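Quick notes on the structure that follows.
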Amino acid sequence: MPDRILIVDDETEIADLIETYLKNENYTVFKFYTAAEALECIRTTDLDLAILDVMLPDMNGFAVCQKIREHYTYPVIMLTAKDAETDKITGLTLGADDYITKPFHPLEMVARVKSQLRRYKKYNSPRQDEAEDVIRHADLTMDVKKHECLLGGRPVALTPTEFSILQILLENRGNVVSGEELFHKIWKDEYYVKSNNTITVHIRRLREKLNDTLENPKYIRTVWGVGYKIEER
């Protein structure tokens, strides 16, 4: 079954352009120009990814992203105005996995969509080696096969990107992982390395969900100028 992608943008030319390119890649597209229509689709349709414009006529894309994150973990890509750094950080903080600034090249959009879907499918498909499926550290338990994370036995709702970052750090316990290395392992696209705040914001969001702090880290420690590290225990 083709992956199902939601597009929400009140600029009809942009929405239509994205739709055309994604349909050419054999994706099933649900396109809307208002948040109200999109929210109904989110409620009634089994989706695999959402592309949300920040500026919508009836509700901003951040609010739509929040609504999605109340129930779903599929990837969310935000469309932001050129150089709107605050929008980028806000979107990532609210649970978006990636952002693209307007104007953009349609092929870049397709590449980002494919990258996000690859990772989302990876963590929602069966694996052969059960021994590698569960990672435990202190009171954290990560079940890779089920795409579940428990903190003290209680579920922690992580986005696909947050899950990927935490898994990489746990698998490299005792070693520092640079932001550039995280980009490469998660997205495998060179242009991500040039972004400034994406990993930082995702790490901040992870810390909040794990009740962790920058000043007194229990899990994720920042090694200034180098990267991030989870200590071995």
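When both residues are 6+ apart or on different chains and their Cβ atoms are under 6 Å apart, which pairs have a first residue that lies in segment 215-226 and is among the basic types (Lys, Arg), and a second that is assigned to a loop (DSSP other than H, G, I, E, B)?
Close Cβ pairs satisfying both conditions: 218/212.
Looking at segment 1-59, which of its residues are of a type in the set (D, E, K, R), free of Cβ contacts under 8 Å to residues at least 40 places away in the same chain and either in contact with a helix residue (DSSP H, G or I) (Cβ under 7 Å, 6 or more places away or on another chain) or more than 15 Å from residue 109 (Cβ to Cβ) (or both)?
Passing the criteria: 31, 37, 40, 43, 58.
Quickly run through segment 146-165 and pick out the residues that are open to solvent by 10 Å² or more (accessible area, probe 1.4 Å) and part of a strand (DSSP E or B).
Selection gives 148, 150, 151, 154, 155.
Say whether the condition of being among the small types (Gly, Ala, Ser) and closer than 26 Å to residue 155 by Cβ is met by at least one residue in segment 44-55.
yes
Check whether at least one residue in segment 63-81 is touching a residue at least 40 places away in the same chain (Cβ under 8 Å), out of contact with any Lys or Arg (no Cβ under 8 Å at 6 or more places or on another chain), farther than 20 Å from residue 148 by Cα and open to solvent by less than 10 Å² (accessible area, probe 1.4 Å), and report yes or no.
Within segment 63-81 (the criterion being touching a residue at least 40 places away in the same chain (Cβ under 8 Å), out of contact with any Lys or Arg (no Cβ under 8 Å at 6 or more places or on another chain), farther than 20 Å from residue 148 by Cα and open to solvent by less than 10 Å² (accessible area, probe 1.4 Å)), the answer is yes, since at least one residue qualifies.
With the requirement that a residue be over 22 Å from residue 115 (Cβ atoms) and open to solvent by 60 Å² or more (accessible area, probe 1.4 Å), what does segment 171-187 give you?
173, 175
Just need a number here: residues in segment 124-136 that are closer than 24 Å to residue 95 by Cβ, open to solvent by less than 70 Å² (accessible area, probe 1.4 Å) and modelled with pLDDT under 90.
Final tally of qualifying residues: 1.
Among the residues that make up segment 83-91, is at least one of them within 12 Å of the chain's Cα centre (by Cα) and in contact (Cβ under 8 Å) with a residue 24 or more places away in the chain?
yes
What tally of residues in segment 205-214 results from selecting those that are touching a residue at least 12 places away in the same chain (Cβ under 8 Å), open to solvent by less than 30 Å² (accessible area, probe 1.4 Å) and either touching an Asp or Glu at 6+ places or on another chain (Cβ under 6 Å) or assigned to a loop (DSSP other than H, G, I, E, B) (or both)?
Here the count works out to 2.
Test residue 168 against the stated conditions and say whether it is at pLDDT 80 or above, in contact with a Leu (Cβ under 7 Å, 6 or more places away or on another chain), surrounded by 15 or more Cβ atoms within 10 Å (Cβ to Cβ) and within 19 Å of residue 223 (Cα to Cα).
Criteria met by residue 168.
The values are calculated or read from the model by the stated rules, or taken from the named source; none is laboratory data. None of the values given here were measured: they were computed from a predicted structure. Note: ideal-geometry Cβ built from the backbone for every residue, glycine included; neighbour counts use all protein chains shown. Remember, those area values only see protein heavy atoms, side chains included, never the ligands or the DNA or RNA. Shrake-Rupley method; radii C 1.70, N 1.55, O 1.52, S 1.80 Å.
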